[in-house]
Amino acid sequence: MAVAQCIILYAMVFLAWGKDDDCTCESAILWIRNLFTNYKLFCHASFDFAEKKCRDYYNGHLASIHSEKENNIIRKFAQKESDYVWIGLRRKGNRWRGDCVRMLVDKDNKNRGRWETYDCKKWTRFYVCKFKKGPETEF
């Protein structure tokens with residue numbers, strides 16, 4: 001009975017606010033030694049909310065990608081949970097600003113690892129935070 005009440009309450013809260021501040025589908029932290037970087041996967045957020053959570057909770061940002069190797073690391077890390085993830089990039093016309101960018105991570109899709117623009121205000125199922133390991137980072 002208590003489980004059913006929690007599910008109903010969760011659904012009501014999520015529908016009322018349109019976001020889930022206490023998302024329970026967080027991944028383990030992925031520590032990449034040669035990049036000296038942590039990645040953590042979270043769920044249910046607009047682009048701006050995702051960036052805010054990365055900044056406020058981990059003193060980081062949505063994942064910025066600087067190489068094909070890093071792109072593949074994030075894709076493989078995220079594909080266990082989702083088809084798309086927000087990454088820390090915006091695009092407007094020919095410039096990478098404006099519309100937000102998400103990565104296709106579906107392991108069964110030939111376009112996996114590719115980036116696409118997406119409405120910043122829409123919620124996507126997952127996003128990836130990138131942050132440095134430091135004294136303020138709890139494990």
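Applying a threshold of 8 Å to beta carbon distances and a minimum spacing of six or more residues, or different chains, the list of pairs starting in segment 57-75 at a residue that is free of Cβ contacts under 8 Å to residues at least 60 places away in the same chain and surrounded by 14 or more Cβ atoms within 10 Å (Cβ to Cβ) and ending at one that is in a helix (DSSP H, G or I) and among the charged types (D, E, K, R) is empty. The residues listed here are Ala16, Ala11, Ala50; of these, the one that is within 15 Å of Phe131 (Cβ to Cβ), out of contact with any Pro (no Cβ under 8 Å at 6 or more places or on another chain) and either at pLDDT below 65 or outside any strand (DSSP E or B) (or both) is Ala50.
Counting just the residues of segment 45-66 that are small (Gly, Ala, Ser) and within 14 Å of Val85 (Cβ to Cβ), which one comes out farthest from the chain's Cα centre (by Cα)? Don't jump to the end; show me each part of the working.
Taking segment 45-66 first, the residues small (Gly, Ala, Ser) are 45-46, 50, 60, 63-64.
From what is left, the residues that are within 14 Å of Val85 (Cβ to Cβ) are 45-46, 50, 63-64.
On the way: Ala45: 8, Ser46: 10, Ala50: 7, Ala63: 8, Ser64: 11 Å.
Only one residue tops the list, namely Ser64.
Please tell me if Arg102 is crowded, with 16+ Cβ neighbours inside 10 Å and either modelled with pLDDT under 80 or farther than 23 Å from Thr37 by Cα (or both). No; evaluated as a whole, the condition is false for this residue. Among the residues of segment 76-90, the ones that are surrounded by 18 or more Cβ atoms within 10 Å (Cβ to Cβ) and in a helix (DSSP H, G or I) come to 2 in all.
The values are calculated or read from the model by the stated rules, or taken from the named source; none is laboratory data. The model shown is predicted, which means the values in this text are computed figures rather than measured ones. Methodologically, a virtual Cβ is constructed for each residue, glycine included, from the backbone with ideal geometry; neighbour enumeration extends over all protein chains shown.
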